[in-house]
Amino acid sequence: MGYTEMMIEGRNAVIEAFRSGKTVDKLYVLDGCQDGPVLTIKREARKQDCLIKYVAKERLDQLSETGKHQGVIACTSAYQYAEVQDMLKTAKEKGEPPFLFLLDNIEDPHNLGAIIRTANLAGAHGVIIPKNRAVGLTAAVARASAGALNYTPVAKVTNLGQTIEELKREGLWFVCADMDGQTMYELDLKGPIGLVIGSEGDGVGRLVREKCDFIASIPMRGDIDSLNASVAAGILAYEIVRQRLV
């Protein structure tokens with residue numbers, strides 16, 4: 001699989017991309033442009049929960065590879081997204097209790113790539129990200145994952161809280177990282193589990209945190225108050241791995 005993010009330019013091409021079911025991560029639209037075809041494109045983008053950015057003509061000219069953007073450029077995902085059910089199926093086929101990563105508000109592509117890499121090495125069956133307020137599978141994410149994106153499926157869901165509820169019915173427990181939680185070494189993290197990680201700034205959103213069964217804190221001895229999101233994911237993931245080996 002290549003690491004290139006595909007740019008689709010021009011009104012007809014972009015409408016076609018949406019209608020053919022391609023996953024569009026981001027749509028750039030000329031600010032103030034209100035004509036028919038552009039309104040149609042924006043409507044299609046909203047149906048897909050696609051991030052729309054309104055930009056000046058200079059920015060579009062800068063992004064354009066063809067010089068014929070007609071006021072719209074769509075960035076499509078560098079990789080195909082998976083389905084959550086496929087991850088559960090993989091776990092079953094391997095005879096392992098499901099182990100999934102769920103990421104809330106991760107907007108930095110390097111963090112997302114690093115977490116996918118950790119998920120792969122820790123033996124997780126997949127990574128779940130929300131459609132909104134989060135980075136998609138861009139070329140930068142693919143590079144940061146150091147090839148792990150070829151092996152670890154990533155699913156994009158409309159509502160993370162709802163996905164947690166559905167997975168609970170499949171028997172999964174959920175643990176999220178938060179400084180106010182119980183020390184991770186005191187928790188029983190064996191069995192089918194979902195590890196929920198939030199961004200450094202905001203952490204895991206309140207609605208998602210309330211759905212988690214455990215709140216785990218990582219013991220810290222230093223002078224600063226938080227870990228990078230991908231480092232926190234790695235530490236907690238390997239506590240889950242350690243408990244599975246015992």
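The values are calculated or read from the model by the stated rules, or taken from the named source; none is laboratory data. Worth saying up front: this structure is predicted, and the values here are computed from it rather than measured. So basically every Cβ, Gly included, is an ideal-geometry build from the backbone, and we count neighbours across all protein chains shown.
In region 114-134, of all residues being within 10 Å of the chain's Cα centre (by Cα), in a loop (DSSP other than H, G, I, E, B) and not charged (D, E, K, R), the one that is surrounded by the most Cβ atoms within 10 Å (Cβ to Cβ) corresponds to ALA134.
In region 135-153, what residues are assigned to a helix (DSSP H, G or I) and buried (at least 21 other Cβ atoms within 10 Å of the Cβ)?
Answer for region 135-153, where residues must be assigned to a helix (DSSP H, G or I) and buried (at least 21 other Cβ atoms within 10 Å of the Cβ): VAL141, ALA142, ALA144, LEU149.
Cβ-Cβ under 8 Å, sequence separation 6+ or interchain: first residue in region 221-239 and among the aromatic types (Phe, Trp, Tyr), partner at pLDDT below 80. Which pairs? Correct list of pairs: empty, since none qualify.
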